[in-house]
1. Counting alpha carbon pairs within less than 8 Å and at least 6 residues apart, what relative contact order, in whole percent, applies to the range 14-148?
2. ³J(HN,Hα) across the range 55-61 via Karplus (A = 6.51, B = -1.76, C = 1.60, θ = phi - 60°), whole Hz, x for Gly/Pro?
3. Tell me, what HN-Hα J-couplings in whole Hz come from the Karplus equation 6.51 cos²θ - 1.76 cosθ + 1.60 at θ = phi - 60° for each residue of the range 95-107, using x for Gly and Pro?
4. Please work out which option in (1) 35, 17, 15; (2) 24, 21, 16; (3) 21, 19, 16 gives semi-axes √(5λ) of the Cα gyration tensor in Å calculated from these coordinates, and answer with its label.
5. Could you state the number of Å between the C-alpha centres of the range 110-139 and the range 7-44?
6. Can you compute the charge dipole magnitude of the chain about its Cα centre, using +1 on each Lys and Arg Cβ and -1 on each Asp and Glu Cβ, nothing else charged? Give it in debye, rounded to the nearest 20.
7. Expected output is a single nm value to one decimal: the length gained when fully extending between K139 and K71, i.e. 0.36 nm times separation in residues minus the C-alpha distance. What is it?
8. HN-Hα J couplings of the range 142-154 from phi, Karplus 6.51/-1.76/1.60, θ = phi - 60°, integer Hz, Gly and Pro as x?
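Throughout, read-outs are computed from the coordinates displayed, never taken from laboratory work. Since we're looking at a predicted model, the values are computed, not measured. All Cβ positions, even for glycine, are placed from backbone atoms using ideal geometry, and neighbour counts span all protein chains on display.
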Amino acid sequence: MQETKVPVVDHVDIDKFMGDWYVIAHIPTFIEKIAYNAVETYALNADGTIATTFTFNKGGFDGPQKIYRPKGFVVPNTGNAEWGMQFIWPIKAQYKISYLDSSYTNTIIARDALDYVWLMSRDKNLSEAEIIRFTELIKSMGYNVDNLRRVPHE
């Protein structure tokens with residue numbers, strides 16, 4: 001099976017990208033299939049790696065809080081738009097910043113394998129029109145958006 005090449009943005013100002021991002025919708029990995037209140041937080045380490053904290057409630061708003069702390073590694077010569085995300089050494093999963101608005105408010109993280117995707121925002125309440133627009137953008141990358149799950153937030 002040949003992988004698609006999903007787009008990446010030309011350049012990411014890594015300092016502006018740091019901070020909290022609400023996961024609005026995703027084609028989830030196995031650990032996030034029943035995630036509620038999902039938030040991904042990034043902080044730049046002194047060595048240039050990215051400390052990542054992924055938190056969510058499992059199974060419902062009152063479900064147990066889960067916390068994962070993978071480490072991000074910016075791929076050289078990609079304008080900071082492609083990372084390797086390491087949950088388990090030595091494997092680094094592909095992480096491509098395929099869309100990022102100029103205000104660093106909304107982003108889409110994609111993968112060439114078209115297996116997982118994340119629509120994230122600084123605001124947990126996107127309008128229906130915005131969600132539809134981003135869903136169409138994800139579809140245009142080659143994803144089956146029937147598998148897209150909206151993440152509930154309270």
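1. Details: 251 pairs, mean separation 29.3, N = 135.
Rounded, it is 22 percent for the range 14-148.
2. Values per residue, Gly and Pro as x: 10, 6, 9, 8, x, x, 4 Hz.
3. Whole-Hz 3J(HN,Hα) from phi for the range 95-107: 9, 10, 7, 8, 8, 7, 6, 5, 8, 6, 9, 9, 8.
4. Structure-derived value, by its label: (3).
5. About 11 Å separates the Cα centre of the range 7-44 from the one of the range 110-139.
6. The calculated dipole for the chain is roughly 380 debye.
7. On the way: separation 68, 0.36 × 68 = 24.48 nm, distance 2.80 nm.
Stretched out fully, the K139 to K71 stretch lengthens by 21.7 nm.
8. x, 6, 7, 6, 4, 8, 6, 10, 7, 8, x, 10, 10
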